[in-house]
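Here is the structure we will look at.
The values are calculated or read from the model by the stated rules, or taken from the named source; none is laboratory data. From a predicted model like this one, the values you see are computed outputs, not experimental measurements. Note: ideal-geometry Cβ built from the backbone for every residue, glycine included; neighbour counts use all protein chains shown. We work out accessible area using only protein heavy atoms, side chains counted, and drop any ligands, DNA or RNA first. Shrake-Rupley method; radii C 1.70, N 1.55, O 1.52, S 1.80 Å.
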Amino acid sequence: MRTSPSRPLAFLAEAVCLLALVLACVKLGRGVEAVLDLAPWDEADYLHRALTLPESGLPDPEWGPLYSLWYFALSYVWPDPVALYYANTRWLVLLTSVAGYALLRQVGARPGFALAGSAVYLLSLAPHIQPRPTLLALLIILVASCAACRAATPEGAWGRLGAGLLLASFARPEGFLSFLSVSALLGLQLARRVRQEPARRRHAWGTAVAYAGLFLLLVGLLGNPFGNTSNRRFYAFCQHFADGLARRTGQVQVDPWFRCEQVLQPIFGNASTLGDALRANPGAFLAHVRWNLERLPDESLKVFTYGYGDVPPMPRNGAWTREQVAHVLLLAVVLALPLGAFARRGRKAIQALATPRVAWSAVAAAVVILPGIVSSVLFQPRQHYLVIPGVMGLALLALMKHALDVPGPHPVEAPSRGVGSVGALGGAALLAVLVMLAVPGPAPAPDGRSAPRRELLQQVRAVRALGLGSHVAAGGSLGVLDTQGGLPVYLGVPFRRVPPWTRRPGESFTQYLRRERIELVFLDHKLREEPRFANDPSLESFLAAPGAFGYAMRHLPGTDAVLALPATWAISGAGAVPEGGHTGTPHASP
């Protein structure tokens, strides 16, 4: 028979575990710039929308406006884009880890198991995925799930979870599917409540009105997250199908991410929706789905077993590191304890898991997990689709373990109970030490590899060091042609991002430079790979002799990058590239 601990011991065990988790997050985040490069493309787009939000307004609802609002709020504390990017990384890692711990405690896990489970998440690839709106959506879902666990009635639980899913869908639009499913379950529960308890009809209607009012308010302010104003879903399918075909067959001759339309058109014709694609070529569509299904288990396992810095759980060179040993031990704890509880209950295990609380929790977890699985099957099992399913699966595993540990049809205990005795406190302390040992240091990669080059960060620092802002009048801007996936976003004021899609049909490259007032051009292969500039004679002329157009060339110190910038800025010295000695302001093509 299990004895209840004293409150001081319970409080101390909780404090030890929470402190260890927070310190582990801080240790992992400390010096994150040493191992993490700036993220281009999607993450840079979210950051750019945040920084231009006062002028441009909110982005379309299917482009995660809540994540841009989150970035915008953080920018008041970290106005520099580079500092903002890394601060966002640290805070999302910390908050999702602590919220995960809180949810594990709410479903009945003891502090030690909750620490081990949240540490498995922290030490995995999951909190380091790009882009990061998934982590913001996960944070909201975890908080909403904790609130649902504390609800006094089933309709209160469904209502709180649904509200959280609605809010999270403005960071990850596919979450709107979960919101609709929970809303249907809430409606059924309210109808059941009214039928069984007519006296509570007013309360049921009040819940329904409040829930509908929140929906109308958020959709009115932010839009419909499952709308299709830019056909984002089909473009995502286009890119992922083209990439998958390239990886399966090796026969795709173009960049699948930039020119996916060229890959899809011969296979699916003029399809513009997933339904069109399925009807146009069922065989190719189902082959893509089957390939995704085959990869789904391995990719899911990798997200939660591979460590920080993409380090596998087993050493590559046969030499175990301290971090890998501790990480594997934590994984063993999280898996072995539920399996041990199942073995102890024997034949009674199924009966213990068949309680209403476990059954309805499984339904709720399945509803939250569904969009990530559907996206993985239709598009690709990429990491950002698998994080939320993995974390919710871990919470369900903790709930099942608790149900197996606590006999009775209603294994509901306050999180502070059942902590154990002095031995449990010692176990929590041991796990806390194990977690700290498993966290890698911030410098070189934990398996002995050298730290990554962080090319974009180095380029940003090198461009800033040139002091080009002195050539710009107060309140002015300096246009940067962006084929780097968002590098100008991180340069900050006065640099201005000019994306390639602003080029007009029939416009020569040099006319484009003049109209958009582009002062900086990165001279690399990405210019030629950009579909809007491909096979452009005016681009080739510019690359061959920028001086003929009023530009000078310069190597960025400490990088492989070469810039074209106005020759009148008199950039010279060791980093300058002799290019005919032309000077003068940039002008249109001769």
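Hey, got the dipole for region 134-227? About the Cα centre, +1 on K and R Cβ, -1 on D and E Cβ, debye to the nearest 20?
Using Cβ point charges on Lys, Arg, Asp and Glu, region 134-227 gives about 380 debye.
In order along region 510-527, the Karplus-derived 3J(HN,Hα) couplings, from 6.51 cos²θ - 1.76 cosθ + 1.60 at θ = phi - 60°, round to 6, 5, 4, 4, 6, 5, 8, 6, 8, 9, 10, 10, 7, 8, 8, 5, 5, 5 Hz, and Gly and Pro are given as x.
Among beta bridges from DSSP that stay inside the chain, the antiparallel ones total about 60%. Computed over neighbours whose Cβ is under 13 Å from that of residue 55, the net charge equals +3, Lys and Arg +1, Asp and Glu -1.
Excluding ligands, DNA and RNA, the accessible surface per residue across region 1-123 is 39 Å² with a 1.4 Å probe. Please give every one of the lysines within straight-line cross-link reach of residue 348, meaning a C-alpha to C-alpha distance under 17 Å, and leave out same-chain neighbours fewer than 8 residues apart. The qualifying lysines are 401.
Taking only Cα atoms, what is the 0 to 90° angle, nearest 10, from helix 232-249's long axis to the longest principal axis of the chain? Compared with the principal axis, the helix lies near 80 degrees.
Applying the Karplus relation 6.51 cos²θ - 1.76 cosθ + 1.60 with θ = phi - 60° to region 75-86 yields 3J(HN,Hα) values of 5, 5, 8, 10, x, 6, x, 5, 4, 5, 4, 6 Hz, where x marks Gly and Pro. Among residues other than residue 514 with Cβ under 14 Å from its Cβ, the summed charge is +1 (Lys and Arg +1, Asp and Glu -1). Once the Cα atoms of helix 175-196 and of the chain are each reduced to a long axis, what angle between those two axes, in degrees from 0 to 90 to the nearest 10, is obtained? Tilt of helix 175-196: around 30 degrees.
Of the GluC sites (Glu not before Pro) found in region 39-93, no site is in coil according to DSSP while having at most 10 other Cβ atoms within 10 Å of its Cβ. Using the average count of surrounding beta-carbon atoms within 10 Å as a protection proxy, the listed peptides 150-160, 133-143, 74-84 rank, highest first, as 133-143, 150-160, 74-84.
Packing around the peptides 97-109, 202-214, 251-263, taken as the average count of other Cβ atoms within 10 Å per residue, puts them in this order, highest first: 97-109, 251-263, 202-214. Once all protein chains are placed together, residue 276 keeps about 50 Å² accessible to a 1.4 angstrom probe.
Compute the acute angle (0 to 90°) between the alpha-carbon long axis of helix 422-438 and the principal axis of greatest extent of the alpha-carbon atoms of the chain; round to the nearest 10°. The two axes meet at around 10 degrees. Taking the charge dipole of the chain about its Cα centre, with +1 at Lys and Arg Cβ atoms and -1 at Asp and Glu Cβ atoms, the residue from 241, 186, 484 reaching farthest to the positive side is 186. Amide H contacts for residue 552 (H built 1.01 Å from N in the peptide plane; partners 5 or more residues away or on another chain; cut-off under 5 Å): 565, 567.
For the peptides 400-406, 324-330, 526-532, 266-272, residues were scored by their other Cβ atoms within 10 Å and the scores averaged per peptide; the highest-first order is 400-406, 324-330, 526-532, 266-272. A Cβ-based charge dipole, computed about the Cα centre of the chain with Lys and Arg at +1 and Asp and Glu at -1, lands at about 2280 debye.
Here is the list for region 263-344: trypsin sites (Lys or Arg not before Pro) lying in DSSP coil, each with at most 12 other C-beta atoms within 10 angstrom of its C-beta, are 316.
For the chain, carbon and sulfur atoms together expose 63% of the accessible surface, with a 1.4 angstrom probe and every protein chain in place.
Here residue 27 is the anchor, and no lysines lie within straight C-alpha reach of less than 20 Å, apart from those fewer than 8 places off in the same chain.
Other residues lying with their Cβ under 11 Å from the Cβ of residue 268 contribute a combined charge of -1, Lys and Arg counting +1, Asp and Glu -1. Surface calculation, 1.4 Å probe, protein heavy atoms: residue 310 sits at approximately 60 Å² accessible. Taking 177, 339 and ordering them by how much accessible surface each has at a 1.4 Å probe, largest first, produces 339, 177.
Annotation: per residue accessible area for region 428-550 equals 43 Å², rounded to a whole number [probe 1.4 Å, protein chains only].
For region 259-368, the per residue solvent-accessible surface stands at 56 Å², with DNA, RNA and ligands left out and a 1.4 Å probe. In this label model, residue 511 and residue 374 are separated by 4.6 nm, measuring between points 7 Å along each Cα→Cβ vector.
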